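> Once you've had a glance at the structure underneath, I'll fire off some questions.
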Amino acid sequence: MATKVRIEPLLLVLSGLMVVIFLGLVVFGPDFGRGFGSLSQRKSGQASEARGKPLRTTATLAAVPNPVVAYGGTYSITGSGFTPNQMVSISFADPGCCGTFNILSDGSGNLFFNMRSRFPGTYNFEAYQQENRRLVLKAAISFSVIAQ
């Protein structure tokens, strides 16, 4: 005779939360939880470490067009100055949510991708590359998405 197992909903939610926290710590290390709050103070295409020290990188990000039209407007993000033929981890935040994905830089250290806008507001992108077994912020950009 089979035994029925009941999983408590609270236990399921807590275990899911623990997985998210663990993955955040693994990916972002000590910077996890700091979010994009300081991005609005950065100029487009520039990045700085959380401790206020300037990065020794020439990597930049650019968005075209700027501003972007909300609710399906297509925009392009281009980047240059990254380590050639290596993965670049992109983190983004917009008024609807946030996310991450990886993209491979080309042989010249450039990258390119297209996205569609959702809600109006400020969109923030940060680009990281691995250096000495650690993800390092290489470039950041903020731009506006407007309702029309």
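> Would you tally the residues in region 104-116 being more than 14 Å from the chain's Cα centre (by Cα) and part of a strand (DSSP E or B)?
Residues that pass the stated criteria total 5.
> Residue under question is Phe119, and the condition is that it be aromatic (Phe, Trp, Tyr) and over 16 Å from the mean Cα position of the chain (by Cα); does it hold?
yes
> Say we look at region 56-77 and pick out the residues that are over 11 Å from Ala127 (Cβ atoms) and assigned to a strand (DSSP E or B); which of these is farthest from the chain's Cα centre (by Cα)?
It comes out as Val69.
Laboratory data are not the source of any read-out in this text; all were calculated from the coordinates shown. Given the structure is predicted, the values throughout are model-derived calculations rather than measurements. For neighbour counting, all protein chains shown are included, and Cβ atoms are generated from backbone atoms with ideal geometry for every residue, glycine included.
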